[in-house]
Structure formats: structure tokens, C-alpha cells
Amino acid sequence: MRDDEAARERQRRWRMVLGGPADEALGKAEGRDGAMDSALSALYDQGGDGDGEKGSRRSAGLGGSAPKVARWLGDIREYFPSTVVQVMQQDAIERLDLTRLLLEPEMLSAVEPDVHLVGTLLSLNRVMPEQTKDAARQVVRTVVEQLEKRIEQKTRAAVTGALNRAARINRPRHADIDWDRTIRANLKHYQAEHRTVIPERLIGYGRRTTAVQRDVVLCVDQSGSMAASVVFSGVFAAVLASMRSLRTSLVVFDTAVVDLTEQLEDPVEVLFGTQLGGGTDINRAIAYSQQLITRPRDSIFVLISDLYEGGVRDQMLRRVAEMTAAGVQVVVLLALSDEGAPAYDHENAAALAALGVPAFACTPDAFPDLMAAAIERRDLKAFAERYADQRKTGGAL
């Protein structure tokens, strides 16, 4: 690119960054740039009215009518990549009067489906008109299918591998010998003259069985701040429930407790069975979950919550201590989402850590590895520390 072309391109980019106030110094955006600038102005400029004009407050513009918002949603999908569209939609939900308009069916056909939009729709579930629910379910189903494609294969592989390793025995039948690990464990017995390894210790898997090997209880806080975690938890629960080697239960709670286990065949129904918002009674939810745990040594209890307890804190901590003492592998996640740790109760997190139960935020991509660690009864504190280091450096677990 020649110097003058490069200079024009830099000027164009600075104009797009600075917006309308830079018209006099850098020139007015034209053509496609002008359309993109209008879409950005409607959302982010203090004086934008949704049509790129100035002088009225933003809240009187984009949120003013469904047709205008529908056009705006169509524009941003045309001019920006889907990742940017999702960010702009989320900003519009938070900054403008878009939530109300999402109750109109024609609006839902114009939006880019994503986890945050699903969370917003679930929070509106109780006030959503019947004519809107079919469109909302289709949006939710689209996102669920995307998430299942993202997580299902890795989850199945991680869990199956962990169950196999956990069942490994030292006197296996011939068909169950793990030859790779057996050879590595017996390399010191290599016989050079015979050019072979003489295995003194066989390592293999336990007898293959269709019996349930682990019980998993997912206990999910459905307060408003946990929206993305609720969505991911519902999809993960459905994937885990489809594996015959696991007995999976899903419990969601605010100040009441709802068992959604019977709906796990359809994650969309699971999500519409949640009710985002309201208070939090973690102690009550744990008390209910304890009733579901009948084989402590073979059970994994996953609490997903920001730990802001509205119930009886001392009882909550005592129940966690009881479960760990009985042999339950307890996992506490402050969030299960791509956003990282939300605001959370540091005092309760520290109290859980003192019980040997670290509390940390986990991304969906890392959750299968976490479940594998829990199945194998590995040190979850060490896992959490490695995971935190991996997040900082971008390395692998």
C-alpha cells in the first residue's frame, strides 16, 4: 500500500473510532462506513437517535419502536461479524429499551442467538406472551445445539477416559489389559536378548459394565447474575445424563429448590424450567441435594453459585463438611461461563477453601477436564491452581 493510501486508511479508521464528533476534522463517513457509523451511533453516541441524527437522547431513539430496532438489528448483522453483533446486542439489552421489545415475536427473528440472549429470554419467561414463546424456544434451541456441538464430544471423551482410569486394576483379564500402560510400567524388565518386555505387573481396566459408576448432582444458583452459568449448566447436565455410566441430577435454586432431573432429555425444556432472578438459599439447595446422594464415595456434587447466601450460612458450611467427610467429591464453581469470575462472596469462598473445597470460576471448555479430575478423585485444589496458571499463561492443563 502506498503512503497516501495508508494515510487515508488510517484517517478512515480513526474516523470510525471517534464517531460523529470527528466529522469536521476527518470528514463524514460515507457509504458502507456511514451505515456502520449510524449503527454504532444509535447504540453508543450520547446524542444518537437511531438514524444517525444528533440532538436527542439515545433512550428516545433505538428503543422507541419495534420497526426501527428490527432495522438496526438487521444492519448490525450485515455490517459486523457475529462475535461483534453479540456484543452489541448485549450492550443494547443493557443500555437501551431492548428487553421489552424482545417480547415481540418479530423481534426474535432479527437477533443473533447467543448465550446472553438466552439468559435474557429465560429471565422474561414468566412474563412472555404465549405468541412469543414459540419464537423464543427456537432461539434457545439454536443456541443449545451450538453449545452441544462445542462441548459434547470432549465431555464424553474426558468422562469415559476418567471412568476407565478409575476402574483400572492390577489383575485384569486378558481382554481388559491396558497394554500401553503395562509396557511403560515394565520397561525396566526389558530383556535385550529377547528384544521384549517381560511384564511383572499387569495394568488393566475393570470388567466392562453398563452399571452406573458415578452419581453426579449439579446444583445451580439461578439468581440473575448467574444467567450464562445456568445456560451452560443445563446443556452440560443433559450431556452427562445421556451417559449410562453416570446417574445425573440437576437441581436449580433461588429461595426455593426445583429438581429438573426428569427433563434432562431435552435441555430446552430444562432451561425453560429455570426462573432467573430472586433471592438465594444455598443451604436449602444443599440440604435437598444431600437426599439425592446415596453412594457418597461414588458421588460428585457440583455447586455452581456466586456464594451470596441468603439462608443459614453456618448450616451451609456444615453440610459441605458432612459431604466431604462422607467421601463425596465436592466441586464449587463461582461461574460456569466464558466471562470468568463474577462478583462473589469472598468470605464464603475462603470458608469453603478451609474445608478443602476450593471455589473458582471455570470455563465450559475446561469443565470436562474438571469432571475427569473429580471422577478420578484427584486433588481439586491442585487442579484449581493449575487452571488459574493456565488462564494466565494460555497454556494447557
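The values are calculated or read from the model by the stated rules, or taken from the named source; none is laboratory data. Note that the structure is a prediction, hence the values are computed from the model and not measured. Please note: Cβ atoms are built from the backbone with ideal geometry, for glycine as well, and neighbour counts cover all protein chains shown.
In region 244-266, of all residues being more than 21 Å from residue 141 (Cα to Cα) and among the aliphatic types (A, V, I, L, M), the one that is surrounded by the most Cβ atoms within 10 Å (Cβ to Cβ) corresponds to 246. For residue 70, are the conditions met, namely being hydrophobic (A, V, I, L, M, F, W, C) and at pLDDT below 75? Here the answer is yes, as residue 70 does meet what is asked. Go through region 92-117 and report how many residues are in a loop (DSSP other than H, G, I, E, B) and over 16 Å from residue 268 (Cβ atoms). The qualifying residues number 9. Here region 303-325 is the region considered, the condition is being touching a residue at least 12 places away in the same chain (Cβ under 8 Å) and among the basic types (Lys, Arg), and the residue that is nearest to residue 285 (Cα to Cα) is 319. Check region 137-155 and report whether any residue there is exposed (fewer than 14 other Cβ atoms within 10 Å of the Cβ), charged (D, E, K, R), over 21 Å from residue 82 (Cβ atoms) and modelled with pLDDT of 75 or more. The answer is no, given that none of the residues of region 137-155 is exposed (fewer than 14 other Cβ atoms within 10 Å of the Cβ), charged (D, E, K, R), over 21 Å from residue 82 (Cβ atoms) and modelled with pLDDT of 75 or more.
For every residue, the table says whether it meets (1) buried (at least 16 other Cβ atoms within 10 Å of the Cβ); (2) assigned to a helix (DSSP H, G or I).
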| residue | (1), (2) |
| --- | --- |
| 268 | yes, yes |
| 274 | yes, no |
| 283 | yes, yes |
| 294 | no, no |
| 297 | no, yes |
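Does region 118-139 contain at least one residue that is closer than 30 Å to residue 34 by Cα, more than 24 Å from the chain's Cα centre (by Cα), assigned to a helix (DSSP H, G or I) and not β-branched (Val, Ile, Thr)? No, region 118-139 has no match at all.
Evaluated against (1) farther than 21 Å from residue 114 by Cα; (2) touching a strand residue (DSSP E or B) at 6+ places or on another chain (Cβ under 7 Å); (3) among the aliphatic types (A, V, I, L, M); (4) not in a loop (DSSP other than H, G, I, E, B), residue 212 falls short on exactly one condition, (4).
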